[in-house]
Amino acid sequence: MSQTAQAPIEAPERTQHLRRYLMCRPEHFTVSYSINPWMEPANPTDTALAVRQWQKLYDTYIELGHTIELIDPQPGLPDMVYTANGGFLIDGVAYPPKFRYEERQGEESWFTQWFRDHGYEVRGPESMNEGEGDFLLAGDVVLAGRGFRSSDDSHRELARIFDREVISLTLVDPRFYHLDTALSVLDPVVAPGETPTIAYLPGAFDDDSRRILEERFPHAIRVSDADGSVFGLNSASDGKHVFISPRATGFEQQLRERGYTPVLIDLSELLLGGGGIKCCTLELRGAER
Ligand code: ARG
């Protein structure tokens with residue numbers, strides 16, 4: 001009997017790792033300014049619908065056993081629902097954001113105070129950065145987006161603060177202005193030295209960055225433009241369940257083939273602000289109080 005390269009690869013069994021996330025109910029959500037191509041202040045928004053859709057994401061996380069912490073929404077800060085931009089945290093150390101646009105700078109002190117109140121050691125920031133919107137922990141390394149929001153200096157500052165290798169990736173398509181709109185880490189926990197599975201939209205990156213991704217993540221899932229364009233990659237994962245937009249049907253299939261369980265959550269109203277599932281989800285690592 002001959003073994004051929006065409007032999008079907010069996011999808012591995014995936015293991016859930018319980019997460020702790022920070023979220024912010026979109027009570028003050030609206031689109032009153034435009035700082036990304038998705039935001040159209042002339043189009044009406046439905047805050048009640050945004051809250052209902054967000055609540056569904058919250059309830060689903062809870063049902064699956066995750067711990068959700070909440071930060072109070074503040075009037076006049078409609079983008080605060082996108083907590084992924086609120087910081088980057090590892091082992092009880094929090095690196096707060098320094099937003100590029102004035103419209104969001106009012107959020108900085110609220111997030112910083114929340115981290116202090118919850119036992120995190122706050123370090124930095126000196127440089128412009130938008131938290132987990134542009135920084136994603138992938139095993140031992142941090143993948144860091146540049147080009148639209150977070151500065152190159154922030155990549156260096158992050159490497160210094162967390163003493164980790166930071167891999168800078170250049171975003172080139174204004175629709176995918178944060179790294180978390182174009183790339184998703186599917187395994188939040190891996191053994192030391194092991195490489196997690198990631199998924200990404202190749203067209204969102206420049207040639208050099210695509211080369212780096214191919215080299216470092218040869219088994220990555222590459223998603224189609226169609227799935228990327230509906231924010232399919234703006235997803236959260238506990239290692240087994242991957243929370244994605246119901247419109248990313250191709251990505252949903254790719255995830256099943258790899259043994260993951262897609263969980264479909266529609267945040268269409270929050271997409272009017274240019275954000276999706278991952279944007280509403282900040283991973284809290286360490287400092288359990
Ligand atoms: N309106 C927000 C902004 O432009 C959306 C942020 C989305 N967040 C994210 N993590 N990608 O800043």
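The values are calculated or read from the model by the stated rules, or taken from the named source; none is laboratory data. Since we're looking at a predicted model, the values are computed, not measured. So basically every Cβ, Gly included, is an ideal-geometry build from the backbone, and we count neighbours across all protein chains shown. Heavy atoms of the whole protein, side chains included, go into the accessibility calculation; ligands, DNA and RNA do not. Shrake-Rupley method; radii C 1.70, N 1.55, O 1.52, S 1.80 Å.
Averaging over all projection directions, the Cα-based convex hull of the range 78-230 occupies 8.9 nm² in the image plane. Inter-label distance, T67 to E214: 4.2 nm, where each label sits 7 Å from its Cα along the C-beta direction.
For the chain, the percent of C-alpha pairs falling in each 10 Å distance bin, counted from 0 to the bin holding the largest distance, reads 7, 30, 39, 19, 3, 1, 0. Straight Cα distances below 23 angstrom link K56 to the lysines K240, K278, with same-chain residues fewer than 8 positions distant left out. Looking at the chain alone, DSSP beta bridges between its own residues are antiparallel in about 50 percent of cases. Springs between Cα atoms under 10 Å define the GNM used for the chain, and in it the highest mean-square fluctuation of D187, D91, D134 occurs at D91.
Calculated accessible area for the chain comes out at 43 Å² per residue, all protein chains present (probe 1.4 Å; ligands, DNA, RNA ignored).
Just checking the listed ones, Y82, Y58, Y33: in the Gaussian network model of the chain with Cα springs under 10 Å, the one fluctuating most is Y33. For the chain, the longest principal axis of the alpha carbon atoms and the long axis of helix 152-162 meet at an angle near 80°. Helix 107-117 and the long axis of the chain differ in direction by around 80°, with both axes built from C-alpha atoms. Of the solvent-accessible surface of the chain, computed with a 1.4 Å probe over protein heavy atoms with every protein chain present, carbon and sulfur atoms account for 47 percent. Rounded to the nearest 20 debye, the dipole size of the range 112-213 about its Cα centre is 100 debye, using +1 on the Cβ of Lys and Arg and -1 on the Cβ of Asp and Glu. For the range 2-100, GluC sites (Glu not before Pro) are listed when DSSP marks them as loop and at most 15 other Cβ atoms sit within 10 Å of their Cβ; the list is E10, E13.
Among the GluC sites (Glu not before Pro) in the range 237-289, those located in a DSSP loop and surrounded by at most 10 other Cβ atoms within 10 Å of their own Cβ are E288. The angle between the Cα long axis of helix 47-63 and the longest principal axis of the Cα atoms of the chain comes to about 50 degrees, rounded to the nearest 10. Relative contact order of the range 163-289: 21 percent, from C-alpha pairs under 8 Å at least 6 residues apart in sequence. Need the C-alpha centroid separation for the range 196-220 versus the range 50-96, integer Å. Here the answer is 27 Å between Cα centres.
Among A182, A11, A248, the largest mean-square fluctuation in a Gaussian network model of the chain, built with springs joining Cα atoms closer than 10 Å, belongs to A11.
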